[in-house]
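The values are calculated or read from the model by the stated rules, or taken from the named source; none is laboratory data. As the structure is a computational prediction, the values presented were derived from the model and not from experiment. FYI the Cβ positions are ideal-geometry reconstructions off the backbone, even for glycines, and counts take in every protein chain you see.
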Amino acid sequence: MALHKKGYEVRNWCVCSVDKNNKETYEHAYEAFKDDRLFSATTPVELLGLVALWETRGDSWREVSKEEWNFYENFEVESKIYDVDGNDITDT
């Protein structure tokens, strides 16, 4: 819905396969199209994220500057780690 409100045409493709044991499997692909640009992902959230990256960073959305890499490295070092019970286990 968010992509639709931004003016994108949104499509969902589903491919059904049947294996030799007659078991069905389904694979989804989600697409957003606008202004001669096509974005594709395997989940709606991934698609929204990809479009957001492109809208923010443009065609060079994959490139990472030294400043951005430093931010990422610091973020990783400073991030806390929690166990399944919510306990901070960063320094254990």
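Name the pairs: first residue in region 1-27 and among the acidic types (Asp, Glu), second residue part of a strand (DSSP E or B) and exposed (fewer than 10 other Cβ atoms within 10 Å of the Cβ), Cβ to Cβ under 6 Å, at least 6 apart or on different chains? Close Cβ pairs satisfying both conditions: Glu24/Cys16; Glu24/Val18; Glu27/Val15.
Please go through region 47-92 and pick out each residue that is among the basic types (Lys, Arg) and within 30 Å of Ala32 (Cβ to Cβ). Answer for region 47-92, where residues must be among the basic types (Lys, Arg) and within 30 Å of Ala32 (Cβ to Cβ): Arg57, Arg62.
Okay, residues lined up against (1) farther than 30 Å from Met1 by Cα; (2) at pLDDT 90 or above; (3) of a type outside the set (Gly, Ala, Ser):
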residue: Ser17; (1), (2), (3): no, no, no
residue: Phe39; (1), (2), (3): no, yes, yes
residue: Leu50; (1), (2), (3): no, yes, yes
residue: Trp54; (1), (2), (3): no, yes, yes
residue: Ser60; (1), (2), (3): no, no, no
residue: Ser79; (1), (2), (3): yes, no, no
residue: Val84; (1), (2), (3): yes, yes, yes
residue: Thr92; (1), (2), (3): yes, no, yes
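Each residue in region 65-86 was checked for being out of contact with any Asp or Glu (no Cβ under 6 Å at 6 or more places or on another chain), exposed (fewer than 10 other Cβ atoms within 10 Å of the Cβ) and part of a loop (DSSP other than H, G, I, E, B), and 6 pass. The set of residues from region 35-48 being outside any helix (DSSP H, G or I) and either among the hydroxyl-bearing types (Ser, Thr, Tyr) or surrounded by 10 or more Cβ atoms within 10 Å (Cβ to Cβ) (or both) comprises Arg37, Leu38, Phe39, Ser40, Ala41, Thr42, Thr43. Put simply, of Arg57, Arg11, Arg62 the only residue that is of a type in the set (Lys, Arg) and part of a helix (DSSP H, G or I) is Arg57. Among residues that are under 21 Å from Trp13 (Cβ atoms), β-branched (Val, Ile, Thr) and exposed (fewer than 13 other Cβ atoms within 10 Å of the Cβ), Val51 is not included.
When region 1-33 is filtered for residues that are under 18 Å from Gly58 (Cβ atoms) and either over 18 Å from the mean Cα position of the chain (by Cα) or loosely packed, with under 13 Cβ neighbours inside 10 Å (or both), only Gly7 remains.
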